[in-house]
Amino acid sequence: MTVPAFKEYVPAIDCTCAGCAVQRRTAAAGLPTRDGGHPAAHGARRAMVLVTAAGVVLSAGLAEAAGAAADPAPVTDPGRAADAASVNGAPAVTGAVSGSAEDGPVETGADSPQGGPGPLQGAGASGPPASQAGAPALRQTTRADIINRAKKWVSAQVPYSMEKYWSDGYRQDCSGYVSMAWNLTGNEWTGSLATYGTRIAREELQPGDILLFHNPADPSKGSHVTIFGGWTDYTHTHYTAYEQTKPHTRKQTTPMAYWTNSGSYVAYRYKGLTSGSGGSDSTKTLFPGAGKFGAGANNAYVTRLGRMLVDRGGKRFYKVGPGPVWGSADRLATQAFQKAQGWKGKEADGLPGPDTWRLLENGTGHDIPAAGGTAGRDGSTSVPAFPGRGYFRPGQSNSHVDKLGKQLVKKGYGKYYLSGPSPRWTEADRRNVEAFQKAQGWRGTEADGYPGPETWRRLFA
């Protein structure tokens, strides 16, 4: 008679029975004690295996019993180790993660799995994570504090591990890193971090926010999270990412939103954020004074002014740059922005003051209208001035939205309207704008469905 080979069963991800639930909890928490796991959980896991082994002993002898009682064979490729899934809050270990070297560096976060939710380990360990204990417990923090904590791991070059814990008690994987930076009460994972944040649009990202990809259908397929450190240039196509990945914590320029699965990343802002400085990576700067601008000026504030003006529709004024040396392009672009606000005379002299700087830094006010178009009988141009991005957002209702919608229909991009268009901004408007942007060959954040000066110019041209 052939002796059956007993082994642990793998619980189904979507099964809600008590047996599978227990197995999922055991799988997530049952790391060896020498690697920072829980002694009680590890003992329970070994007891279950030993019970199975005892049955084999009775039917097939000591040899098979010894094999069944041993710890599970170690994963030979850590990059393919299990990630945690969750059903009704119970984590489970599933298959391998995916990542492509063609989409970025060989070592990417998509090839670095993570552990499930758990309490802090090492120094300061206390209690279960809030995701298991009920409503998330929020510790107040500032953007500067978040970035400063993130930098500590970068400086220490903390080695990546989904099993070990750093001296501060946080697990050395991507979600443990964010748990540390956000100063959470426990170690979370990509399936629970969102409960601590508020979803925001990518264009609203500021230092200390995160970009999170959690694949609920199969969390092991690329789930990852990074900390946003600030835009690296005015195009907003790349940003400074702080992340925990193989071989250790790193800070580097990263394409928005990541090397792989870029379209699946969602931006979140920590709910416990309080007012405070954005840290050295903050994208906002106080007005440095009028003396930093004008003839003979040569400094970083001139470069920053130029980049903000380009982002607000002033790219056509710059043949090269922007750069630190003040030139006619800076003056003309500043003047165009000031006139877009309806200012005249000395208020639109091409030299930035506190009000000009504030509007540029906050992304408010009217953008620089697109150039071009022929004058009509009333003196207006065929391309109406772009009113500003703020008019095209959820909850907005104005004549500019209505004008946009009618032009989309006229151009053949109105298929998502079930009725209308109307003055109220809806998802149908966004999807129609997105279709138009993609028809221009734009992708990613350039085709997010929210009109900017160039979208507006091409649509009305």
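The values are calculated or read from the model by the stated rules, or taken from the named source; none is laboratory data. Keep in mind that what you see is a predicted model, and the values were worked out from it rather than measured. Cβ coordinates were reconstructed from backbone atoms using ideal geometry, including for glycine residues, and neighbour counts include every protein chain displayed. Accessible surface areas use protein heavy atoms only, side chains included; no ligands, DNA or RNA. Shrake-Rupley method; radii C 1.70, N 1.55, O 1.52, S 1.80 Å.
Given R₀ = 56 Å, FRET efficiency for residue 295-residue 443 by Cβ-Cβ distance, to 0.05?
Once rounded, the FRET efficiency stands at 0.85.
Over region 329-461, what is the mean sequence separation of C-alpha contacts under 8 Å (at least six apart), divided by residue count, expressed as relative contact order in percent?
On the way: 167 pairs, mean separation 27.3, N = 133.
Relative contact order, region 329-461: 21 percent.
When the Karplus curve 6.51 cos²θ - 1.76 cosθ + 1.60 is applied with θ = phi - 60°, which whole-Hz ³J(HN,Hα) does each residue of region 414-426 get, with x for Gly and Pro?
My calculation for region 414-426 gives x, 5, 8, 7, 7, 8, x, x, 9, x, 8, 6, 10 Hz in order.
How would 168, 355, 367 line up by accessible area, probe 1.4 Å, largest first?
355, 168, 367
Name all residues of region 432-450 having a backbone nitrogen under 19 Å from the label point set 7 Å from the Cα of residue 396 along its Cα→Cβ direction, giving them as ranges.
Zone members listed by number: 432-438, 445-450.
For region 184-305, report the accessible area per residue in Å² (1.4 Å probe, heavy atoms, rounded to an integer).
Heavy-atom accessible area per residue stands at 37 Å².
Using a 1.4 Å probe on the protein chains only, how many percent of the accessible area of region 157-308 belongs to carbon and sulfur?
Accessible surface attributable to carbon and sulfur in region 157-308 totals 50 percent.
Percent of Cα-Cα pairs more than 15 Å apart in region 218-271, please.
That tail contains 51 percent of the Cα-Cα pairs.
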